[in-house]
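A.B. asks: Pasting a structure below so you can have a look.
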């Protein structure tokens with residue numbers, strides 16, 4: 001059974017999301033957005049996204065408190081690339097596709113979307129210490145949660 005570590009997934013994707021956000025900020029400025037409006041949009045996108053993700057009650061309301069299953073004997077940890085790919089879908093990929101589409105007609109929007117991408121990384125960075133403070137959690141492709149006992 002193939003499993004992924006929630007900690008590892010978050011830690012691996014943080015620099016990718018932040019880097020993509022900065023790339024879109026620079027691209028927006030090069031494409032014609034003013035530096036100051038682009039930077040303001042970037043910061044608003046990053047902070048707004050991080051705030052929304054960290055305060056989203058849906059996971060608590062929809063799933064409640066689920067008890068994790070014991071780590072399976074046949075459990076195999078996925079590669080780092082598979083951890084990254086899974087973490088990038090659909091949120092990071094979707095935001096970055098939208099940023100690419102908006103670059104020519106609306107470079108300011110690209111800067112905001114770059115901020116959203118960076119905000120995804122910021123939210124993961126803020127949540128990472130709490131993930132290390134508790135026992136390690138693993139997930140399979142169906143969303144079943146496991147812990148090592």
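A.B. asks: Per DSSP helix of 4 or more residues, -39500 (n - 2.57); summed, then divided by the residues of the chain. What does that give at 222 nm, rounded to the nearest 500?
C.D. replies: So the calculated ellipticity at 222 nm is -22000 deg cm²/dmol.
A.B. asks: From the list [x] 10.0; [y] 9.3; [z] 12.9, can you say which value of mean projected area of the Cα convex hull in nm² was derived from the structure given?
C.D. replies: The listed entry that was calculated here is [y].
A.B. asks: Here's something else I'd like to know. In nm, to one decimal, how far is the residue 133 label point from the residue 7 one, both placed 7 Å along Cα→Cβ?
C.D. replies: About 1.5 nm, to one decimal.
A.B. asks: Now a separate question. Based on the mean of other Cβ atoms within 10 Å per residue, sort peptides 66-72, 134-140, 11-17 so the most packed one is first.
C.D. replies: With the highest mean Cβ count within 10 Å placed first, the list reads 11-17, 134-140, 66-72.
A.B. asks: For the range 1-15 and the range 66-110, compute the distance between their C-alpha centroids and round to whole Å.
C.D. replies: So the separation of the two Cα centres works out to 10 Å.
A.B. asks: Report the antiparallel proportion of the DSSP beta bridges in the range 2-147 as a percent, rounded to a multiple of 5.
C.D. replies: So the antiparallel bridges amount to about 55 percent of the total.
A.B. asks: Work out how much length residue 145 to residue 22 would gain on full extension: take 0.36 nm times their residue separation and subtract the Cα-Cα distance, in nm to one decimal.
C.D. replies: Stretched fully, the residue 145-residue 22 segment lengthens by 41.0 nm.
A.B. asks: Where does each of 144, 92 land when they are ranked from fewest to most other beta-carbon atoms within 10 angstrom?
C.D. replies: 144, 92
A.B. asks: Another question, then. Tell me, what is the FRET efficiency for residue 104 and residue 58 to the nearest 0.05, using R0 = 35 angstrom and their Cβ-Cβ distance as r?
C.D. replies: Once the sixth-power term is evaluated, E becomes 0.55.
A.B. asks: For residue 40 and residue 76, FRET efficiency with R0 = 30 Å and r from the beta-carbon atoms, rounded to 0.05?
C.D. replies: 0.05
A.B. asks: Continuing with the same structure: Once the Cα atoms of helix 6-30 and of the chain are each reduced to a long axis, what angle between those two axes, in degrees from 0 to 90 to the nearest 10, is obtained?
C.D. replies: It works out to around 10 degrees.
Quick note: the coordinates plus some simple rules give every number you see, no bench work behind them. The model shown is predicted, which means the values in this text are computed figures rather than measured ones. Cβ sites come from the backbone with ideal geometry, for glycine too, and all protein chains shown count toward neighbours.
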